[in-house]
Amino acid sequence: MWSRQRAEDRAAREFVDRLVNPWRRVCERVPGLSHTVQVASGTTIVIPTLARADLSGPDPVLVVRKIHGQLIEDFRADEASRRIAAALGYDRIRVYPRGSEWVRIELLIGDPLDGEVPAPLAGRGLSVSDVEITIARDELGNPLRQSWVEGPHVCIQGATRSGKSVWCYSALAQLARLDDVLIAGSDLSGLLLGRPYVGTRHHEWQATGSADVEAHRDLLVRLVAEMDTRIRNLPPRRDKFTRFHAGFPLIVVVLEEFAGLLRLASTAPVEKGQPKMREQLLALYGRLVSEGHKAGLRLMVVTQRADATVVGGFERGQLGLRISFRLDDPEALVMLHGQSARDHLEEHQLAPPGVALVQAPARPLGRVRGPRLMGPRRTPTTPATGTRSRTARRASTR
Ligand SMILES: Nc1ncnc2c1ncn2[C@@H]1O[C@H](COP(=O)(O)OP(=O)(O)OP(=O)(O)O)[C@@H](O)[C@H]1O
Ligand SMILES: [Mg+2]
């Protein structure tokens, strides 16, 4: 026992010895990881101290003493963490705080986003005000949850087979169980909306299939009319609705493959004197994006590419929760998320289905895996049920 402990200690010391030099080099190169200090004899570069290693778990862990004033974010920043991992010969790192002065750095082989994220389904009878929807899991293993009452409109882009529909299906399944949510929208494919909702209150608010573009237009007209009625009925001195009930639901408006609908509309005939069908759809969409939020409507715009000709430049700015799955054209990433997405361009082109970059109003762009609704074989397990009710309870106490 004693000698095994000694052998482990020696292995940990040798592990640190091997990494000391690459650690110093990478800290010196990455801004935020080192400080330059002027001393009498010249300039010294101070780096965080690689104190020891812990090899007892499945992945090696480095215990590092931060420099005074350093933040955990300095290690977690995208570029910093990727450079540290590469310099030390690993695929990725995970950084955890340890007291105020130390950090633990887990060195990982492989991708922490491998493995599926089950979509937790809340119990029946809950309100959208009580529940946060699981939208993803991040690289640290933390679930990302979003309140749909507080939350913004959503834009989802991604190449074909990248995971858009699976994400929407998982988010909608969580939302559709809530008594005070209505799932409305347009879906040419008829796979996301339509069939799964036959016989429910949602179905009459959905237009599916590509045979009748007018049905999609008419649905958007109805939604805009409902929005206008709601806005007219806003109580004095209130600028938006925040409480919902079964008779006055929060309306999720899904526009699945909106670009496809616009393409179809470009050849559709219109009544004499009416604007072109494409223009009508864009105008209705524009109104829903810009005025829908205060009326309790939340858009979920799904497209292969969030091009300005499809989602509109101004409208894109209103779609605050932005999710990009793998894209054929990397520039589409910059288009939706801005210049900070440039760091991710190369890696994201190879993202497996379900892996996305997510950006929300108070959340910088980060890599995640989206949830997936598990088939009937896998849902009834007891642990998942336990997680559900805990999640619901925690959400409802906020
Ligand atoms: N979160 C996920 N976890 C695991 N696998 C996933 C996930 N999301 C998607 N996939 C896999 O990728 C496949 C394609 O996903 P999906 O149908 O959502 O793509 P899409 O972007 O909607 O494609 P299209 O543009 O053709 O409609 C799924 O059938 C599934 O096998
Ligand atoms: Mg799809």
**Prompt:** Counting Lys and Arg as +1 and Asp and Glu as -1, each charge on the Cβ, what is the dipole of the chain about the Cα centre in debye, to the nearest 20?
**Reply:** 1020
**Item:** segment 117-396 - Kirkwood radius from inverse mean 1/r over Cα pairs (Å)
**Value:** 19.2
**Request:** With all distinct Cα pairs included, what does the Kirkwood hydrodynamic radius of segment 1-100 come out to in Å, to one decimal, could you say?
**Result:** 14.7
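If a helix is a whole DSSP H run, which ones in the chain reach 24 Å or further along their own axis (Cα) and hold a mean Kyte-Doolittle hydropathy of at least -0.5? Walk me through the intermediate numbers first.
Details: long enough: 2-29 (41 Å, -1.34); 213-232 (29 Å, -0.10).
Sorted by number, the helices that extend far enough and score high enough are 213-232.
In debye, nearest 20, what is the charge dipole magnitude of segment 82-223 about its Cα centre with +1 on Lys and Arg Cβ and -1 on Asp and Glu Cβ, if you could check? Let's see the in-between values first.
Working: 16 positive and 18 negative charges, 65 e Å.
Here the size comes out at about 320 debye.
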**Request:** State, to one decimal in nm, how far the label point of Asp239 lies from the label point of Arg161, with both points 7 Å from Cα in the Cβ direction.
**Result:** 4.7
**Message:** Positive end of the dipole of the chain, charges at C-beta (+1 Lys, Arg; -1 Asp, Glu), about the Cα centre: which of Val301, Val149, Gly354 has its Cα farthest in that direction?
**Reply:** Val149
**Prompt:** Does anything in segment 62-89 have its amide N under 20 Å from the 7 Å Cα→Cβ label point of Asp111, and if so which residues?
**Reply:** 77-87, 89
**Prompt:** Of the cross-linked pairs Lys164/Lys240; Lys240/Lys272; Lys66/Lys164, which ones have a Cα-Cα span greater than 31 Å in the structure shown?
**Reply:** Lys240/Lys272; Lys66/Lys164
**Item:** Difference of contour (0.36 nm per residue) and Cα-Cα distance, Phe314 to Ser210
**Value:** 34.7 nm
**Fill in**
The aspartates and glutamates whose Cα lies under 12 Å from the Cα of Lys276, excluding any fewer than 8 residues away in the same chain, are Glu214
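Dipole magnitude of segment 105-148 about its Cα centre, charges +1 at Lys/Arg Cβ and -1 at Asp/Glu Cβ only, in debye to the nearest 20? Write down the numbers at each step before the final one.
On the way: 3 positive and 8 negative charges, 65 e Å.
Dipole size: approximately 320 debye.
Measure off, as a whole percent, the carbon and sulfur share of the 1.4 Å-probe accessible area of segment 117-396, all protein chains present.
Working: 6580 of 12570 Å².
Carbon and sulfur atoms account for 52 percent of the accessible area of segment 117-396.
The values are calculated or read from the model by the stated rules, or taken from the named source; none is laboratory data. Keep in mind it's a predicted model, so treat the numbers as computed, not measured. Here the Cβ is made from the backbone with ideal geometry for all residues, glycine too, and neighbour counts use every protein chain on show. Just so you know, the surface numbers come from the protein's heavy atoms only, side chains and all, with ligands and any DNA or RNA stripped out. Shrake-Rupley method; radii C 1.70, N 1.55, O 1.52, S 1.80 Å.
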